[in-house]
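Comments concern the structure below.
Computed from the coordinates by the stated procedures, all read-outs in this text should not be read as laboratory data. The structure displayed is predicted, hence computed values, not measured ones. Every residue, glycine as well, gets a Cβ built from its backbone with ideal geometry; the counts of neighbours run over all protein chains shown.
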Amino acid sequence: MRREQNTGFSHSRLAEHLADALAAPWPELTPRKMLHRVTFPGKATAVVGMRRAGKTTFLHQMRYIRHEQGIARERLPYINFEDERLAGLVVEDLTVLVEEYYRRFPALRGRETVTWCFDEIQVVPGWERFVRRLLDSEKVEIFVSGSSAALLSREIATSMRGRAWEVVIFPFSFEEYLRHHGVPLPQRLDVLPARERSLLEGALRDYLIIGGFPEAQGFDANTRHRLLLDYVDVAILRDVVERHGVSNVVSLRWLVRHLLGNPGALFSVEKFHAALRSQGLAVGRDTLHQLLRYLEDCFLVRLTWVEASSERRRMVNPRKAYPVDPGFIPIFDRSGKTNIGHALETAVRVELERRGMEVSYVRTRDGLEVDFLARSLEGREALIQVCADLSDGATREREIRALQGAAEEHPQASFHLITMALESARNIPKDIHVHNAALWFLEPWIDKSRLNQRGHFSGRED
């Protein structure tokens, strides 16, 4: 009897939520751009990424695009399962949701494709079975999103049995940052007037300090830091501690502070384990390895391994860890300096992943390092050095020698040097491509969208 009462309550709430969602106005948002396909026939699109990076916005963007293509609003239902009115739902209730929808629109069943957007669906245990069955039994297109650690690639592959297509949402790219702030995008990068180039270079400096989290835009530094610190705390507590039952929270917080405050630095579990023990913190090495994996799973950090022909060499070398967004760096960097160089390297690392590259770093036989070896799905390789300013001759020589040394092991790779001070790139060998950082970030995005210059949806319905 108790179950029936609870079920009836849930079902009425579902009906109410469905009606509200179908009638709600379009939110105003900055559209996200993707270089790779977003949907795949016969599969649900699983939208993953760190909390507050814009996954919900992306669901609404897909609904709006479908509407612009001529699909009626009633064929674009959106359900947010973190709404308190839907607390306590079980997977059986989701079937009632679908039946309630087709009671309202019976003419659609089996005739027209319905695009379902299920936000934070991970709160309903067993949701995967429901989505698979809906794909098989109805004429639908499905988007699901959820807390980053609850929709991991390996878990989706297992639970959805090959029926999911993953799309990763990162914080704003530099191009999205410009559109969000109404900065005009150049039509071409090869004939850019000096004034426009200077405007973009100044915007990049701001981006590297502010970062790309949509909600953090437009605030003063203190407010932004508090907001981003809240993001980190929520990721730690909900995506790591609660989900994985982590009890050693003190060591976890030490690890997070170290990784976010030392972007791009070599990280050794052995050395960090010793440092914690010197502070009187008891934690096992295996536990640290697990915590590191959890932090990458929830997209708080992006790990970069050394490029190696053997798995053993790969495992024994330190990794590099980068925040998922440069905006985290000023919060955790204890040096008190604005380290644009580390922020630029972080932004390049995330941008390479955004472009679908497999990323590692290279250590040459002479002990020099190349920041990134980026390998495309087609097998093309690029050796990339990132240096904000090349004015110092010793620094410039070291960057060049590292690229030339890495070329011996990667003869097919192209060589690239990304800098924010192009005028400082003097006496660079001709086989090294020198890039203005601001323009490098925009290269794959220019002229690839039909969005208007400001990049905002109007919010109106035609």
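Remark: relative contact order (the chain) = 16 percent; criterion is Cα-Cα distance under 8 angstrom and separation of 6 or more residues. Proximity of backbone amide H atoms, modeled 1.01 Å from N, is registered between Ala413 and no other residue at under 5 Å, excluding neighbours fewer than 5 places apart on the same chain. The gain in end-to-end length when the Asn427 to Val316 segment is fully stretched comes to 36.3 nm, 0.36 nm per residue minus the alpha carbon separation. Residue ranges 225-237, 265-277, 205-217 sort as 205-217, 225-237, 265-277 when ordered by packing (mean number of other C-beta atoms within 10 Å per residue, highest first).
Applying the Karplus relation 6.51 cos²θ - 1.76 cosθ + 1.60 with θ = phi - 60° to segment 287-299 yields 3J(HN,Hα) values of 5, 5, 4, 5, 4, 4, 5, 4, 5, 6, 4, 8, 6 Hz, where x marks Gly and Pro. Close lysine pairs were tallied over the chain: pairs 8 or more places apart or on different chains with Cα atoms under 20 Å apart number 5. When only DSSP loop residues count, what trypsin sites (Lys or Arg not before Pro) in segment 54-125 have their Cβ near at most 15 other Cβ atoms within 10 Å? Filter output for segment 54-125: Arg109, Arg111. Along segment 261-274 the Karplus relation, 6.51 cos²θ - 1.76 cosθ + 1.60 evaluated at θ = phi - 60°, assigns HN-Hα couplings of x, 10, x, x, 7, 5, 10, 10, 4, 4, 5, 5, 4, 5 Hz to successive residues, with x for each Gly and Pro. Helix 194-210 and the long axis of the chain differ in direction by around 70°, with both axes built from C-alpha atoms. Rounded, prolate or oblate, given the Cα gyration tensor of segment 392-432, with a/c below 1.5 counting as rounded? Judged from the Cα gyration tensor, segment 392-432 comes out prolate (a/c at least 1.5, a/b above b/c).
Helix 221-234 axis versus longest C-alpha principal axis of the chain: approximately 60°, rounded to the nearest ten.
Computed about the Cα centre, the dipole magnitude for segment 28-164 is approximately 560 debye when only Lys and Arg (+1) and Asp and Glu (-1) carry charge, each at its Cβ. In degrees from 0 to 90, rounded to the nearest 10, what is the angle of the helix 340-354 Cα long axis to the longest principal axis of the chain? The two axes meet at around 50 degrees. For the chain, the pair-distance distribution built from all alpha carbon pairs, in bins 10 Å wide starting at 0, is 4, 18, 27, 25, 16, 7, 2, 0, 0 percent.
Under the 0.36 nm per residue contour assumption, what length would be gained going from the current alpha-carbon distance of Leu237 and Leu22 to full extension?
Here the answer is 74.1 nm.
Here the chain is assigned +1 on the Cβ of each Lys and Arg and -1 on the Cβ of each Asp and Glu. Its dipole about the Cα centre then comes out at about 500 debye. Placing unit charges on the Cβ atoms only, positive for Lys and Arg and negative for Asp and Glu, gives segment 216-336 a dipole magnitude near 380 debye about its Cα centre. Phi angles of segment 103-114 translate, via the Karplus equation with coefficients 6.51, -1.76, 1.60 and θ = phi - 60°, into HN-Hα couplings of 5, 6, 10, x, 5, 7, 5, x, 10, 10, 6, 9 Hz per residue; Gly and Pro are given as x.
Only Cα pairs under 8 Å and 6+ residues apart enter the sum, and on that basis the relative contact order of segment 2-169 stands at 35 percent. Over the Cα atoms of segment 64-132, what is the Rg over Rh ratio if Rh follows Kirkwood? Rg divided by Rh gives 0.98.
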